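Values in this text are rule-based calculations from the coordinates and carry no lab data. Nothing here was measured: the structure is a model prediction, and the numbers come from that model. Here the Cβ positions follow ideal geometry from the backbone for every residue, glycine too, while neighbour counts run over all protein chains shown.
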Amino acid sequence: MPDMKTDGPAFNTARLETFSDAVMAVAITLMVLHIDAPQTSPGQSLGQAFVQVTLPAIIYFLITFAVIVLFWMHHHDLFIRLPEFTPVRAFWLNMGFLAMICLLPFGLEFFSTQSNSYVTVSVYAGLMALATLFLGALARQITGRWPAGVGISIFVFLLAIPFASLIGGWCLLVWWIDQPIQRIWSARHPDADANP
């Protein structure tokens, strides 16, 4: 583990963790606000409108919610290792991570407008990959080692992009293979760190 003594400016770790928790909570709240009640068009029942528009938005939200919960869990595990005052480099890596989390409501709404578009899926998956990269860099700063699972997670997030035109919004389900791949990787490489 690297020497986490601060040489220069530092930030109170408890306050930084509280701020980070608040940012993630607000991001989740903003995402759910973009789920609209179904609006029927002529010749369409309320049930059809729900299944065609609202249900996919709820599913996309739940997938994103689950990913943010995993981010939050890994983030919490990292902050347990920090001293009372966070070094400035770890502070800025944390801010980069939080910036990506703040952009997720936009990414989700953009993706929801055209879930079979390479552009919308690329933006959304790119935000997830960048959040993973920042969290991995934060883990590297705190633990002294680059977590082995970061590359796998980034690959899995970006893997959704080529599936966008084939299966539309269901391409996000590709993200569910991340954890099984992580477990297989860990079993074959027991000396490697777990995902951050």
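Kindly express, to the nearest 10 degrees and within the range 0 to 90, the angle between helix 149-167's C-alpha long axis and the longest C-alpha principal axis of the chain.
10
Can you give the angle from 0 to 90° between the axis of helix 178-188 and the longest principal axis of the chain, with both taken from C-alpha atoms, to the nearest 10?
Computed tilt is about 40 degrees.
Which residue fluctuates most in the GNM of the chain (Cα springs below 10 Å): A129, A148, A37?
Of A129, A148, A37, the Gaussian network model singles out A37 as fluctuating most.
Could you tell me the relative contact order of the chain? Use alpha-carbon pairs under 8 Å, at least six residues apart, and round to a whole percent.
25
Taking 0.36 nm per residue of sequence separation and subtracting the Cα-Cα distance, how much length would be gained by fully extending the chain between R15 and T54, in nm to one decimal?
Here the answer is 10.3 nm.
Roughly how many Å is it from the Cα centre of segment 115-144 to that of segment 28-93, as a whole number?
So the separation of the two Cα centres works out to 14 Å.
Would you grab the residues whose amide H sits under 5 Å from the one on F11? Only those 5+ places off in sequence or on another chain, please, with H modelled 1.01 Å from N.
Result for F11 returns T86.
Modelled label-to-label distance, Q44 and S117, 7 Å Cα→beta-carbon offset: nm?
Those two pseudo-labels are separated by 1.8 nm.
Run the quick spin-label model on E84 and R188: label points 7 Å from Cα toward the beta carbon, then report their separation in nm to one decimal.
4.6
State, as an integer percentage, the relative contact order of segment 106-196 based on alpha-carbon contacts under 8 Å between residues 6 or more apart.
32
Which ordering of V119, V53 is given by a fewest-first count of other beta-carbon atoms within 10 Å?
V119, V53
Magnitude of the Cβ-charge dipole of the chain, K/R +1 and D/E -1, about the Cα centre, nearest 20 debye?
For this selection, approximately 240 debye.
With the crude spin-label approximation of a point 7 Å out along Cα→Cβ, what separation in nm comes out for A22 versus I177?
For A22 paired with I177, the spin-label model returns 4.1 nm.
What is the fewest-to-most order of M128, M73 by other Cβ atoms lying within 10 Å of their Cβ?
The most exposed by this proxy come first: M73, M128.
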